[in-house]
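Have a look at the structure below before the remarks.
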Amino acid sequence: MDYVKNAWYVAGWASEFDDNLRALTILEQNVVMFRASTGKVVAMEDRCPHRLLPLSLGKRVGDAIQCGYHGMTFDCQGKCIRVPGQDNLPASADIAAYLVHEKHDITWIWMGDPQKADPDDIFDMPQFTDPAWDAHLGQALHLKSNYLNVAENLVDPAHVSFVHPTTLGNTASENVPVHAATDGEVIKAWRWIRDAEPIGFFKAFGNFSGNVDRWHYYNLHLPSIAVIDFGSAATEDNLAEDERDKGVRLYALHFLTPVNDQYTIDRWMHLRNTAINDQAVSQNLDELFKTAFAEDVEILEAVQREENRLQTRKPVRIAIDKGPLVYRKRINDLIEKEKAENTVV
């Protein structure tokens with residue numbers, strides 16, 4: 001499968017990397033990562049060029065990795081610095097090294113052309129550092145599903161009424177139209193549900209007893225980052241769309257890392273404008289999110305199993321598919337653009 005390579009992907013939370021060698025697969029490429037003595041995270045091809053043993057099965061020698069088979073050793077840039085028993089070091093023995101950058105306790109990796117990598121392009125939001133907001137890193141969902149299906153689910157407000165009837169949705173939203181905007185860099189889908197019973201999530205977290213106005217804004221940043229802005233306010237407050245900060249507002253962030261065409265890791269976190277620095281609230285929200293996201297996993301893995309079977313008809317497309325259809329096209333366009341740029345004339 002082809003992927004967009006010239007992009008920053010999340011390799012993990014910064015806390016996941018220490019002195020130990022860690023093996024990962026990102027965009028079907030095996031990578032070994034560790035935190036060097038400088039404090040920076042290093043990422044290299046996880047394969048010795050001699051007999052192809054994964055270097056993650058070797059050992060650290062200072063800030064280098066020694067292959068566990070014949071002792072060939074590679075520095076942080078992937079350069080072979082030792083071949084036991086000989087003095088000459090063949091240039092062909094060097095391995096790929098990947099650019100890594102850490103920001104907001106998140107470790108990002110660039111799998112494409114290093115000349116095109118710019119840390120300023122890493123996803124960011126002002127709420128990460130705004131004292132009026134609480135940023136809390138969550139966990140990781142491991143889905144046996146193609147990342148394109150997972151991403152489409154994250155620009156689809158309509159599914160919450162049916163997939164999450166006790167957590168993120170209820171019957172009040174079933175027939176509320178979804179709006180979409182696909183002309184900007186970010187693909188967006190949204191809707192408001194006015195004067196309705198609060199969803200289970202906000203009954204537990206927002207302590208709403210009467211009816212609320214609630215919203216879902218789904219924002220998909222290519223190639224695979226989703227930001228879901230959702231919240232509620234008492235109906236009598238009659239909030240306008242640009243007054244969402246006056247309600248109980250959360251951002252659920254999903255950083256999708258494609259492992260292969262059948263496997264995606266979704267690292268999720270949230271930002272909230274209430275209960276700042278309250279760890280008990282963070283833990284309670286984690287439990288609510290885990291329940292809701294497990295519902296997505298069941299659906300998406302079932303869809304993937306059906307996609308893997310012989311198809312006898314094309315899927316039916318309906319009005320709510322505008323965002324997902326544009327998303328697929330843009331991903332294909334980015335992949336084709338990278339192929340064209342890499343073609344040697």
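Quick look at the values:
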read-out	value
Any hit, the stretch 9-18, residues being outside the structural domain of Gly138 (by TED's automatic domain parsing), in a strand (DSSP E or B), crowded, with 19+ Cβ neighbours inside 10 Å and more than 19 Å from the chain's Cα centre (by Cα)	no
Options Asp286, Asp321: the member that is among the charged types (D, E, K, R) and over 24 Å from Phe205 (Cβ atoms)	Asp321
The stretch 191-204, residues that are crowded, with 21+ Cβ neighbours inside 10 Å and within 25 Å of Leu256 (Cβ to Cβ)	Ile199, Phe201
Identity of the residue in the stretch 127-156, β-branched (Val, Ile, Thr) and surrounded by 21 or more Cβ atoms within 10 Å (Cβ to Cβ), that ends up nearest to the chain's Cα centre (by Cα)	Val150
Selection count where residues are surrounded by fewer than 17 Cβ atoms within 10 Å (Cβ to Cβ) and in contact with a strand residue (DSSP E or B) (Cβ under 7 Å, 6 or more places away or on another chain), scope the stretch 164-182	4
Residue match in the stretch 334-343 (condition: modelled with pLDDT under 95, of a type in the set (S, T, N, Q) and surrounded by fewer than 17 Cβ atoms within 10 Å (Cβ to Cβ))	yes
Residue pairs meeting the criteria (Cβ under 6 Å; at least 6 apart or on separate chains; first without any contact (Cβ under 8 Å) to a residue 24 or more places away in the chain, in the stretch 324-341; second among the charged types (D, E, K, R) and in a helix (DSSP H, G or I))	none
Sole exception among (1) of a type outside the set (Phe, Trp, Tyr); (2) in contact with a strand residue (DSSP E or B) (Cβ under 8 Å, 6 or more places away or on another chain); (3) surrounded by 14 or more Cβ atoms within 10 Å (Cβ to Cβ); (4) free of Cβ contacts under 8 Å to residues at least 24 places away in the same chain for Leu53, by number	(2)
Count of the stretch 133-165 residues which are over 21 Å from Gly247 (Cα atoms), not in a helix (DSSP H, G or I) and not acidic (Asp, Glu)	14
Residue match in the stretch 68-82 (condition: aromatic (Phe, Trp, Tyr) and under 30 Å from Trp268 (Cβ atoms))	no
Single match in Asp120, Asp124 (criterion: part of a helix (DSSP H, G or I), surrounded by fewer than 18 Cβ atoms within 10 Å (Cβ to Cβ) and of a type outside the set (S, T, N, Q))	Asp120
All positions within the stretch 166-180 that are out of contact with any Gly (no Cβ under 6 Å at 6 or more places or on another chain), not in a strand (DSSP E or B) and not small (Gly, Ala, Ser)	Leu168, Asn170, Thr171, Glu174, Asn175, Val176, Pro177, Val178
Residues (in a loop (DSSP other than H, G, I, E, B) and farther than 22 Å from Ile122 by Cα) located in the stretch 39-60	Asp46, Arg47, Cys48, Pro49, His50, Arg51, Leu52, Leu53, Pro54, Gly58
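Yes or no, residue by residue, for (1) under 22 Å from Trp13 (Cα atoms); (2) in contact with a Phe, Trp or Tyr (Cβ under 9 Å, 6 or more places away or on another chain); (3) crowded, with 21+ Cβ neighbours inside 10 Å; (4) of a type in the set (A, V, I, L, M, F, W, C):
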| site | (1), (2), (3), (4) |
| --- | --- |
| Ala226 | yes, yes, yes, yes |
| Glu241 | no, yes, no, no |
| Asp245 | no, no, no, no |
| Val248 | no, yes, yes, yes |
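The values are calculated or read from the model by the stated rules, or taken from the named source; none is laboratory data. Owing to the predicted nature of the structure, the values given are computational and were not obtained by experimental measurement. Reconstructed Cβ throughout: ideal geometry from the backbone, glycine too, with neighbour counts over all protein chains shown.
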